[in-house]
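First up is the structure itself, then whatever we jot down about it.
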Amino acid sequence: MRFIRYQQGEDQPRFGWILEDRIGLIDGTPFGEYRRMEANIPLERIRLLAPVTPSKIICVGRNYVEHAREHNSEVPDVPLLFFKPPSAVIGPNEPILLPPQSQQVEQEAELAVVMGKTGRWISPETALEYVLGYTIGIDVTARDLQRRDGQWTRGKGFDTFCPLGPWIETELDAADVLITCRVNDALRQMASTREMVFTVPQLIAFASSVMTLVAGDVILTGTPAGVGPLQSGDMIEVSIDGIGTLRNPVRSELRRMG
């Protein structure tokens, strides 16, 4: 099943499900009890939102060997975790804003895991039982600030730096799916999730040994090689087999002094 969050006109955001080019309302929430209503609303009548509003976004650095190499970095012995704030989340077709503080913003296409249940000390063998499904994420990074600061909060944490979408796919075997990223139709990234250093179950087990994972939390599982600079006017398209395509334009942010 594909779960969405959507807005119709000025109504409040709602959860729904999608079947081909029509959507139906979810009475309840995908993270608890719910009832599916008939899929009778044309897709063009609604606006897709980020499919989840996570309490935290756990990211994984250098989880593809070739990506580590392109930055002359060592592959970590254990998963390298960092956070993005929930305020970084945007949905499909929303613009990524280039902050004036950075001169080198880059895209990182990633498989995103959406947790469906709360857990701590989850074993790798049971980890997938805690997963609701998968969506597409873009770990937008101000690379110059990341290098300058020596830690990653500022370079990874700007508003709009975590596009998610277009929906949550619940019926996906994420062990071997192809991730591709195009910027202005030019291919930048292409790799299979089988190339990840640490698998999805390993990442869930490791993260949950540190912190409680709650329903709706998102784990960005790392990016393949091929990250590159973004300019105002660009269009990013990230596709993952079995999920779909997430598209986001790129714009310069206008400073508004209060």
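If you go through region 106-125 and pick out every residue that is buried (at least 22 other Cβ atoms within 10 Å of the Cβ) and part of a strand (DSSP E or B), you end up with 7. Restricting attention to region 88-105, the residues that are surrounded by 21 or more Cβ atoms within 10 Å (Cβ to Cβ) and part of a strand (DSSP E or B) total 5. None of Y64, Y6 is among the aromatic types (F, W, Y) and under 22 Å from R247 (Cα atoms) except Y6. With the requirement that a residue be in contact with a Gly (Cβ under 9 Å, 6 or more places away or on another chain), within 16 Å of V200 (Cα to Cα) and not hydroxyl-bearing (S, T, Y), what does region 220-242 give you? If the condition is that a residue be in contact with a Gly (Cβ under 9 Å, 6 or more places away or on another chain), within 16 Å of V200 (Cα to Cα) and not hydroxyl-bearing (S, T, Y), then L220, G222 are the ones that fit.
Laboratory data are not the source of any read-out in this text; all were calculated from the coordinates shown. The model shown is predicted, which means the values in this text are computed figures rather than measured ones. Virtual Cβ from ideal backbone geometry, glycine too; neighbours counted across all protein chains shown.
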